[in-house]
1. For region 394-411, name all the residues that are under 30 Å from the mean Cα position of the chain (by Cα) and not polar (S, T, N, Q).
2. From the list A315, A341, which one is in contact with a helix residue (DSSP H, G or I) (Cβ under 8 Å, 6 or more places away or on another chain), of a type in the set (A, V, I, L, M, F, W, C) and touching a residue at least 24 places away in the same chain (Cβ under 8 Å)?
3. Show the residue pairs that are 6+ apart or on different chains and have beta-carbon atoms under 8 Å apart, the first residue being within region 71-97 and farther than 24 Å from Y267 by Cβ and hydrophobic (A, V, I, L, M, F, W, C), the second being in a loop (DSSP other than H, G, I, E, B) and open to solvent by less than 10 Å² (accessible area, probe 1.4 Å).
4. Tally time: how many residues in region 468-501 are surrounded by fewer than 17 Cβ atoms within 10 Å (Cβ to Cβ) and not in a strand (DSSP E or B)?
5. Considering L290, L323, which residue is modelled with pLDDT of 95 or more, hydrophobic (A, V, I, L, M, F, W, C) and in contact with a His (Cβ under 6 Å, 6 or more places away or on another chain)?
6. Say whether the condition of being part of a strand (DSSP E or B), under 23 Å from A219 (Cα atoms) and not aromatic (F, W, Y) is met by at least one residue in region 434-445.
7. Being closer than 21 Å to R380 by Cβ and either of a type in the set (D, E, K, R) or touching a Pro at 6+ places or on another chain (Cβ under 7 Å) (or both) is the filter here; which residues of region 476-495 pass it?
8. Name the residue that is farthest from V356 (Cα to Cα), counting only residues in region 289-305 that are open to solvent by less than 70 Å² (accessible area, probe 1.4 Å) and assigned to a loop (DSSP other than H, G, I, E, B).
Amino acid sequence: MKAQDETLKPKTSPRRRTLSTKASKRMLIGFTTGALLFAAFTILAMYIIDPLQFYRKATLYDPIFSNEQRYQNPGLARNYDYDTVILGTSMTENFLPSVVDKELGGKTIKLSIRGSYAEEQYDIAQVAFRTGKVKQVLWGIDYFALKPANLDAQGPYPHYLYDDNFLNDYKYWFNVTPYQELAKGIYKRMTASENGKRLMGLEYLYNWNYYVVYGKQYAMKFYKKALSEEVRVGMNEEPLEVVQKNFTDYIEPLIKEHPEIEFKFYYPPYSILRQAVWRDLNVARYEQQLTMKKWMFEKFKQYPNVKVYDFQTEAEWTFNLNLFKDLSHHNQNVNTWIARAVGQDDPKYRVTEDNVDSFVDDLRQQVEDVAVTGAGDLLRVPVRFASAPDKAVTFTQKELRGPDKLLFVPSKEAAAVLGAELVWDQATKTMTVTRDAHEIVLTVGSMEAKIDGKAVDVPYPVELIGGKTIVPLAFMASALGWEVKQEEPDQVTKRITLIQP
């Protein structure tokens with residue numbers, strides 16, 4: 001039976017097997033040849049078109065610049081003419097190279113990377129420095145940038161664009177992203193107005209000054225949002241040693257290895273409310289960034305090719321929310337003022353051994369004093385005890401109400417400052433505050449209070465903001481037997497002195 005089954009199986013002749021093998025080989029050779037030709041065509045096309053200007057400055061067509069800075073910057077650093085480099089986060093994007101040219105005396109290229117860490121800034125600096133063209137660097141240092149890097153947070157980080165290893169370039173040749181960015185750029189140019197096309201050149205590359213709106217109303221929205229959303233942000237703040245290590249790994253080596261380059265570092269001016277929110281909701285970050293200023297200066301001062309400037313205490317800027325689109329990002333005018341101050345080596349902002357502590361102390365004092373009106377205007381409202389006029393009385397929130405600028409502060413903090421006890425009734429949202437023989441009862445939203453058992457009108461009701469109940473400080477202090485002295489020496493300052501009975 002088995003032999004009979006064998007005879008039923010079809011037989012393949014040797015000739016047919018040979019033909020089948022030859023066909024397979026021809027297919028394999030054809031596929032391989034096609035793949036190699038396709039690869040060669042892709043490489044040649046990428047080399048000629050070079051969407052990111054990685055190999056050369058564009059000459060076959062008007063340059064099309066990508067807004068993906070991590071991809072675009074290496075080509076700019078390798079192939080464009082410059083002797084001055086701008087480095088930093090989004091705080092540096094609104095610099096105009098022509099303005100920096102004028103103020104610092106050079107030919108500038110902007111290599112900013114929004115949301116970047118020190119490691120990324122180190123990478124692009126190395127690309128620029130290897131060209132041998134760099135004479136000076138304007139570098140904005142944000143505390144955030146010194147945190148541990150997550151380079152792939154905004155997509156795969158193109159390490160291959162930052163080294164001199166030609167063997168890595170295949171990741172560029174066979175990458176669809178450069179073509180996508182080129183197509184986007186071409187489409188934007190075709191659909192842009194004449195003014196829009198002007199903004200797409202190298203002078204305005206990465207600049208967002210003309211695409212956003214500024215004003216205190218917008219900054220205040222971010223402020224109120226931050227009070228409720230940043231409560232838990234500081235719970236996982238990195239130890240100071242981690243931040244310091246990133247400085248010694250990614251900033252100090254560049255200074256040390258390039259004594260021929262002049263480094264001009266500066267601390268960007270955030271709104272003073274940004275600093276106040278950090279102090280109130282992320283104490284570790286607030287204190288560590290102040291500590292880092294002194295610590296970094298001790299490092300910087302070892303090198304004669306370094307100058308440091310601090311703009312975070314410039315109250316004319318940081319107290320003017322109309323200069324900001326949120327709590328941190330200022331408009332292009334501020335970048336111009338910074339460039340001018342650095343170019344003139346303005347002693348008002350230059351950090352030295354003699355004033356490094358005062359920059360920290362002044363910022364701390366401004367944060368303690370700042371108070372905000374409902375309209376978004378910022379004033380300095382220092383609160384002091386008459387018995388200790390040089391010591392600030394600290395509140396985590398200070399808000400002003402009405403034409404008389406009545407100061408509202410968190411109720412628990414007010415009670416502690418005034419030496420009183422506070423009992424809160426959650427059901428009725430009523431607080432009872434007592435001190436010696438005095439008692440005041442306040443209810444959230446009510447225009448009436450009770451002082452020592454008598455009903456009285458309140459100028460403004462108690463409010464619940466950001467999870468805290470805020471109360472009128474002077475009203476509460478007077479009800480508890482304190483004497484309150486209020487002065488307004490100028491339009492932006494209101495002094496409050498508490499005189500103990």
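The values are calculated or read from the model by the stated rules, or taken from the named source; none is laboratory data. What you see is a predicted model, and the numbers here were worked out from it, not measured in a lab. Backbone-built Cβ (ideal geometry, glycine too); neighbour counts: all protein chains shown. Surface areas here come from the heavy atoms of the whole protein model, side chains and all, with no ligands, DNA or RNA. Shrake-Rupley method; radii C 1.70, N 1.55, O 1.52, S 1.80 Å.
1. Restricting attention to region 394-411, the residues satisfying the condition of being under 30 Å from the mean Cα position of the chain (by Cα) are 394-400, 408-410.
Correct list: F395, K398, E399, L400, F408, V409, P410.
2. On the way: A341 fails: in contact with a helix residue (DSSP H, G or I) (Cβ under 8 Å, 6 or more places away or on another chain).
Of A315, A341, the one residue that is in contact with a helix residue (DSSP H, G or I) (Cβ under 8 Å, 6 or more places away or on another chain), of a type in the set (A, V, I, L, M, F, W, C) and touching a residue at least 24 places away in the same chain (Cβ under 8 Å) is A315.
3. Filtered contacts from region 71-97: L76/Q53; L76/L111; A77/L111.
4. 6
5. Details: L290 fails: in contact with a His (Cβ under 6 Å, 6 or more places away or on another chain).
Step by step, each of L290, L323 is checked, and only L323 is modelled with pLDDT of 95 or more, hydrophobic (A, V, I, L, M, F, W, C) and in contact with a His (Cβ under 6 Å, 6 or more places away or on another chain).
6. First pass over region 434-445, keeping only residues part of a strand (DSSP E or B): 434-435, 438-444.
With the extra rule that they be under 23 Å from A219 (Cα atoms), the set shrinks to none.
No.
7. Step one: of region 476-495, the residues closer than 21 Å to R380 by Cβ are 477, 484-495.
Once the filter is applied, which keeps residues that are closer than 21 Å to R380 by Cβ and either of a type in the set (D, E, K, R) or touching a Pro at 6+ places or on another chain (Cβ under 7 Å) (or both), region 476-495 yields K485, E487, E488, D490, K494, R495.
8. Across region 289-305, the extreme among qualifying residues is N305.
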